[in-house]
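Read-outs throughout are calculated quantities, based only on the coordinates presented, and are distinct from any laboratory measurement. Keep in mind it's a predicted model, so treat the numbers as computed, not measured. Glycine also receives a Cβ, built like all others from the backbone with ideal geometry; neighbour counts cover every protein chain displayed.
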Amino acid sequence: MEIEKLAKLARINLSSEEKEKLQKEFEAILKYISALKEADTDDGENGFSKTETLNVMRPDENAHETGKFTEDLLEGVPFSENGYVKVKHVFE
Amino acid sequence: MSLNNLTIKKARKLLADKEISAKELAAYFLKNIEEKNKDINVYLEVFDDALNEAEKLDKDGIGNRPLWGIPLAVKDNILMEGKICSAGSKMLQNYKASYDATAIKKLKSAGAVFLGRTNMDEFAMGASTENSAYGATKNPHDLTRVAGGSSGGSAAAVAMDGCLGALGSDTGGSIRQPASFCGIVGLNPTYGAVSRSGLIAMASSFDQIGPMAKTVEDAEIIFNAIKGKDSMDSTSRDCPLSSKGSPWISGGKLKIGLLKYDKNGVDKEINESVEKSAKIFKDLGYEISEIELPNIKYSAPCYYILAPAEVSSNLARFDGVKYGLFKEGKNLTEDYMKTREAGFGQETRRRIMLGTYVLSAGYYDAYYAKAQKVRELIKKDFERAFDLKNGGVNAIISPVSPSVAFKKGEKANDPLKMYLEDIFTAPAKMAGLPAMSIPTRFAETPAKRAGLNSEGLPIGLQITAPRFGENLLFEIGKKYEHDTSKSKMA
């Protein structure tokens, strides 16, 4: 398995030791979860329960007043400016 | 007045009779915490406003608030406005919650006093609390052993008399397994019975907040205070009232199924405890039969596909931009990668990677899509098992975990071994069912009467009911508890 590629997709830096360790652990875990292959699921089930999973809608109204939570939320933001979250360039 | 062995129910009476004030009660537990927390590592933070809050309640008077003055502990992944909520992670070490979880709001209006936040496996992933960034919680029955996880701190807090009850969260077994390891009661509610608003998300189709307490009755009191539909969680629902023919109806001659399972790899004493418990239920007048669920053997492997998949998307939010830790790199992508390397612990990284894998193009059908289908098979197994018209049962009993509390370090370096802790707890989660762990007690010896095995460690029993069958669990659990406490004196 391409641990390197996965780490990139998951946006996690990994040391080379950890990559090696994960490679071994994943082999064991994947072997374990592959037990599902034996399960007989060929009766046309699409995998999602029809009775319990349904969309819950509400009217798009009663918005809170603008800025009500801004200060509280920005308190946890590493970088902000003029009431905005500050981010580095996405495209260079 | 001795406050040892107090329950919520007993404390309620003392408070109502004005034999004790809310402040005195809180002070008693704070003193216990101060004495024991160093050794057991239960509380990550003891709230310095707990005594003040209790004092305020004393001034208000008890009214009809069901948890008035009752000191509770809260797992570190449930938000309390203005308090740090770290989910046992370095990522959120300094994160202050900006609002109350719905369960907390409800407990506040019920009059509860919050003593502090309890240790847990990082982001609720683990079965021992060894994955906490703040050190493992030890088992109050044996400090060389783990308290279980991921709600190990909440379980140990109740077991060491560091609170009268606690909130935990259960995704694959995180309330029931530590409850079993620590000798207390832990309820994983029906999916949707308790709002998840304000619970830091791990795997959203499984996560549930639930009560941990010394007795079934206490767990029921907390559950009744936190349950119900909430507009902030569209999957939450009010428990439907039981009506004639509904599977969760209580009373009468109930049928209990004894789960057929592979006894190899399960402690001998645990196998015996399930059989002996079945005998107790039989003597109590329940009809006992063996029950087979052919597909539940797939539950744990299924769980370890679906949960990591949900984890990998839920934890994408920790990027060093909106909240939590930030580590600087050369550009935005590097910021993400460095922040997530520094903020997440090993198991969290492992699960995110695993989830990314099972969701990635080329593997999605073989793992994620297949697991969704298997989840449906497991649900059907339970539906059949609870179908009373066709020889089904009202509830199912089984072990909670294959072993009693294990030694610290015993499984920490083998992720797969740790995952196997979930083999008995994952099935109920697949179908969103309520399941409760209660301490087993038997009459033969003083240790067994106290609910301990030959090594002095607690063994739990799991009872599983149909969706919204919490009432059934409470009824059955209380009868068992009452009967086994009688035999205590025999």
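For B:LYS9 and B:ALA342, calculate 0.36 nm times their separation in residues minus their Cα-Cα distance, and state this gained length in nm to one decimal.
115.4 nm
If you split all Cα-Cα distances of the stretch B:207-346 into 5 Å bins from zero, what percentages do you get per bin, shortest first?
Per 5 Å bin, starting at 0, the Cα pair percentages come out as 2, 7, 8, 10, 12, 16, 14, 10, 7, 6, 5, 3, 1, 0.
Can you bin every Cα-Cα distance in chain A into 10 Å intervals starting at zero and give me the percent of pairs per bin, rounded to whole numbers?
10, 17, 18, 27, 23, 4
Across peptide A:9-22, how many C-beta atoms of other chains are within 10 Å of each residue C-beta, on average?
6
In the structure displayed, which of B:LYS36/B:LYS408; B:LYS96/B:LYS214; B:LYS31/B:LYS411; B:LYS90/B:LYS373; B:LYS9/B:LYS96 lie more than 25 Å apart, Cα to Cα?
Details: B:LYS36/B:LYS408 18 Å; B:LYS96/B:LYS214 30 Å; B:LYS31/B:LYS411 33 Å; B:LYS90/B:LYS373 36 Å; B:LYS9/B:LYS96 33 Å.
Cα-Cα > 25 Å for B:LYS96/B:LYS214; B:LYS31/B:LYS411; B:LYS90/B:LYS373; B:LYS9/B:LYS96; rest within.
Take the Cβ-Cβ distance between A:PHE79 and A:SER15 as r, set R0 to 25 Å, and report the resulting FRET efficiency rounded to the nearest 0.05.
0.40
Arrange the peptides B:149-156, B:179-186, B:268-275 so that the one whose residues have, on average, the most other Cβ atoms within 10 Å appears first.
Details: B:149-156: 36.5, B:179-186: 32.2, B:268-275: 16.6.
Listed from highest to lowest mean packing, they are B:149-156, B:179-186, B:268-275.
I'd like the FRET efficiency for B:HIS482 and B:ASN52, computed as 1/(1 + (r/R0)^6) with the beta carbon distance as r and R0 of 25 Å, rounded to 0.05.
Approximately 0.10, to the nearest 0.05.
Modelling each spin label as a point 7 Å along the Cα-to-Cβ direction, I'd like the B:GLU272/B:ALA447 distance in nm, to one decimal.
The answer from the label model is 1.0 nm.
Distances longer than 16 Å among the Cα atoms of the stretch B:266-313: what percent of all pairs is that? Display every interim value, and only then the final one.
Details: 717 of 1128 pairs.
Considering the stretch B:266-313, 64 percent of its Cα-Cα pairs are separated by more than 16 Å.
Could you tell me the relative contact order of the stretch B:127-232? Use alpha-carbon pairs under 8 Å, at least six residues apart, and round to a whole percent.
Here the relative contact order equals 24 percent.
Below 8 Å, C-alpha to C-alpha, sequence gap of six or more: please give me the relative contact order for the stretch B:299-437 in percent.
Relative contact order, the stretch B:299-437: 28 percent.
Given 25 °C and 0.890 mPa s, how large is the Stokes-Einstein diffusion coefficient of the protein assembly as shown in µm²/s, with Rh as the Kirkwood radius over Cα pairs?
The diffusion coefficient I find is 101 µm²/s.
Is the stretch B:407-459 rounded, prolate or oblate when judged by the Cα gyration tensor, a ≥ b ≥ c being the square roots of its eigenvalues, rounded requiring a/c under 1.5 and prolate requiring a/b larger than b/c? Write down the numbers at each step before the final one.
Details: a/c = 4.37, a/b = 1.33, b/c = 3.29.
Oblate, because a/c is 1.5 or more while a/b does not exceed b/c.
What is the ratio of the Cα radius of gyration of the stretch B:347-490 to 2.2 N^0.38 Å, where N is its residue count, to two decimals?
Dividing the Cα Rg of the stretch B:347-490 by 2.2 N^0.38 Å gives 1.31.
Per 5 Å bin, what percent of the C-alpha pairs of the stretch B:292-342 does each bin hold, from zero upward?
Result, from short to long distances: 5, 18, 19, 14, 11, 10, 8, 6, 5, 3, 1, 0 percent.
Go ahead and run the numbers for FRET between B:LYS330 and B:ALA361, Cβ-Cβ distance against an R0 of 25 Å, rounding to 0.05.
Efficiency computed from Cβ-Cβ geometry: 0.30.
Please report, in whole Å, how far the alpha carbons of the stretch B:1-52 spread along each principal axis, starting with the longest.
Computed over the stretch B:1-52, the largest-to-smallest principal extents equal 34, 24, 16 Å.
Which value, to two decimals, describes the C-alpha radius of gyration of the stretch B:57-176 once divided by 2.2 N^0.38 Å?
1.07
Starting from the 7 Å offset along Cα-to-Cβ, what nm value, one decimal, do you get for the label separation of B:GLU455 and B:LYS279?
The modelled label-to-label distance comes out at 2.4 nm.
Report the gain in length on full extension from A:LYS5 to A:THR70: 0.36 nm times residue separation, minus Cα-Cα distance, nm rounded to one decimal.
Full extension from A:LYS5 to A:THR70 adds 19.7 nm.
Could you grab the Rg to Rh ratio for chain B? Cα atoms only, Kirkwood for Rh.
Result for chain B is an Rg/Rh of 0.95.
Antiparallel versus total DSSP beta bridges in chain B: what percent is that, nearest 5?
65 percent
Treating the beta-carbon of each Lys and Arg as +1 and of each Asp and Glu as -1, no other charges, what is the dipole magnitude of chain B about its Cα centre, to the nearest 20 debye?
The calculated dipole for chain B is roughly 620 debye.
For every other residue with a beta carbon closer than 10 angstrom to the beta carbon of B:GLY285, add +1 if it is Lys or Arg and -1 if Asp or Glu, then tell me the sum. Walk me through the numbers on the way to the answer.
Numbers: positive: B:LYS253, B:LYS282, B:LYS479; negative: B:ASP283, B:GLU287.
Value of the local net charge: +1.
Do you know the relative contact order of chain B, to the nearest whole percent, from alpha carbon pairs under 8 angstrom that are 6+ apart?
16 percent
If you project the alpha carbons of the stretch B:129-197 onto their three principal axes, what span does each projection cover, largest first, in Å?
37, 25, 17
Take every residue in peptide B:337-349, count the Cβ atoms of other chains within 10 Å of its Cβ, and give the average of those counts.
Details: counts 7, 3, 4, 6, 7, 1, 1, 2, 0, 4, 0, 1, 7.
That average works out to 3.
Where does each of B:226-239, B:469-482, B:8-21 land if you order them by average Cβ count within 10 Å, highest first?
Answer by packing, highest mean first, reads B:469-482, B:226-239, B:8-21.
Please compute, for peptide B:352-360, the average count of beta-carbon atoms on other protein chains lying within 10 Å of each residue's beta-carbon.
Mean inter-chain Cβ contacts per residue within 10 Å come to 6.
Let me check I've understood the local charge: for A:GLU2, count other residues with C-beta under 12 angstrom from its C-beta, Lys and Arg +1, Asp and Glu -1. What total comes out?
Value of the local net charge: +2.
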